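The values are calculated or read from the model by the stated rules, or taken from the named source; none is laboratory data. Quick caveat, the model's predicted, so the values are computed rather than measured. So basically every Cβ, Gly included, is an ideal-geometry build from the backbone, and we count neighbours across all protein chains shown.
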Amino acid sequence: MIDLKSSVAFISGTSRGLGQSLALQFLDQGADVIGIGRTSTIEHSNYQHVFSDLSDLEQIQSFTFKGYADHQSVILINNSGRLGKVAPFQELEEDDIVKTSVLNFIAPILLIKKFLDLQCNESTTKYVLNVGTGAAFQAIDGWSMYCSSKAGLSMFSNVIHLESQLDRAKCKIVDLAPGIMDTQMQKEIRDSEPSDFSNVEKFVDYKKDGDLQTADQTAELIIRNFEKLFNKNTASDTIRNYT
Ligand SMILES: NC(=O)c1ccc[n+]([C@@H]2O[C@H](COP(=O)([O-])OP(=O)(O)OC[C@H]3O[C@@H](n4cnc5c(N)ncnc54)[C@H](OP(=O)(O)O)[C@@H]3O)[C@@H](O)[C@H]2O)c1
């Protein structure tokens, strides 16, 4: 059983939404938290923030994991994500394509590489939680780079999971779809035009019908089931499997 009091969690995108809820709940349970992102909104004695734009390769490359090697559990949560412009692929700007690909796919991979290099005690367990999405497994018009970058991250997570089973990667890893949450990302989806995204009305209805979970509820489920998330035969999972 993970003891959060002797854990440190590195979490990207703690300024709002799911990342902020996770950071606050980890802090409540006594963990140390290092947030990574462009904006800091959390004030807590056990919280530190590393300012970094994770859609910028140079800034990712200059990030280093330091200290905390003697904690019982060291956790990396790749939560930062962007939908990018919602529009048919041919209408996307190259800059938008690159930013979505780097933030959702390359940044988590480079952070995992550095995280695995972090020297820890023999007894320390490393956990990697990549925040995935059902959209990684289903083609959605207007979301080409979001679906494909998250699909890439999901496959990457499964390869690392396999390597860890062969004792060639020293971590536990999961790619977890968090379900639909009432965050800024959902607002961006609802604000899109039907000519750019044919199913926009469905997402407007989710909000109207009260079908969205709060980020706090999702974070609570993740933390309550934390250890269980990593004991599966596959890295791909959804929070819908947990209560
Ligand atoms: N909301 C949903 O229904 C839903 C469903 C499935 C999956 N997800 C996934 O859940 C995760 C969290 O999403 P959310 O709904 O909480 O979204 P959100 O409210 O839009 O929050 C996104 C977070 O990502 C960070 N971020 C964005 N661009 C960044 C950049 N260039 N560098 C570093 N950090 C950046 C933001 O921080 P800064 O802007 O301060 O940098 C923010 O804290 C994402 O990976 C998303 O794909 C969400």
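The figures follow:
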| item | result |
| --- | --- |
| All positions within the stretch 123-144 that are crowded, with 22+ Cβ neighbours inside 10 Å and aliphatic (A, V, I, L, M) | V128, L129, V131 |
| Single condition S195 does not satisfy, out of (1) more than 16 Å from the ligand (Cβ to nearest atom); (2) within 30 Å of N121 (Cα to Cα); (3) of a type in the set (S, T, Y) | (2) |
| Sole exception among (1) over 30 Å from I112 (Cβ atoms); (2) surrounded by fewer than 18 Cβ atoms within 10 Å (Cβ to Cβ) for F203, by number | (2) |
| Flag for G30 being at positive phi and either of a type in the set (D, E, K, R) or away from the ligand (no atom under 15 Å from the Cβ) (or both) | yes |
| Which listed residue is closer than 23 Å to L176 by Cα and among the polar types (S, T, N, Q), from Q48, Q59, Q72 | Q72 |
| Selection status of L111, among the aliphatic types (A, V, I, L, M), on the phi < 0 side of the Ramachandran plot and not in a loop (DSSP other than H, G, I, E, B) | yes |
| Selection within the stretch 69-101 - within 11 Å of the ligand (Cβ to nearest atom) and within 14 Å of the chain's Cα centre (by Cα) | I77, N78, N79, S80, G81, R82, L83, T100 |
| Residue list for the stretch 7-29, restricted to those being in a strand (DSSP E or B) and of a type in the set (A, V, I, L, M) | V8, A9, I11 |
| In the stretch 2-31, residue surrounded by the fewest Cβ atoms within 10 Å (Cβ to Cβ) [restricted to those that are in contact (Cβ under 8 Å) with a residue 60 or more places away in the chain and among the charged types (D, E, K, R)] | D3 |
| Flag for I60 being farther than 24 Å from F226 by Cβ and buried (at least 20 other Cβ atoms within 10 Å of the Cβ) | yes |
| Any pair with Cβ under 9 angstrom, 6 or more apart, that starts in the stretch 190-202 at a residue that is under 10 Å from D141 (Cβ atoms) and ends at one that is among the aromatic types (F, W, Y) | F197/W143; F197/F203 |
| The lone exception for K99 - which of (1) out of contact with any Asp or Glu (no Cβ under 6 Å at 6 or more places or on another chain); (2) outside any helix (DSSP H, G or I); (3) among the basic types (K, R) it fails | (2) |
| Counted residues, the stretch 32-47 - those being buried (at least 17 other Cβ atoms within 10 Å of the Cβ) and of a type in the set (G, A, S) | 2 |
| Members of the stretch 156-182 that are more than 16 Å from the ligand (Cβ to nearest atom) and either more than 18 Å from L110 (Cβ to Cβ) or in a helix (DSSP H, G or I) (or both) | N158, V159, I160, H161, L162, E163, S164, Q165, L166, D167, R168, K172 |
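One line per residue, one yes/no per condition, for (1) modelled with pLDDT under 95; (2) within 11 Å of the ligand (Cβ to nearest atom):
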| site | (1), (2) |
| --- | --- |
| I34 | no, no |
| S45 | no, no |
| G67 | yes, no |
| L103 | no, yes |
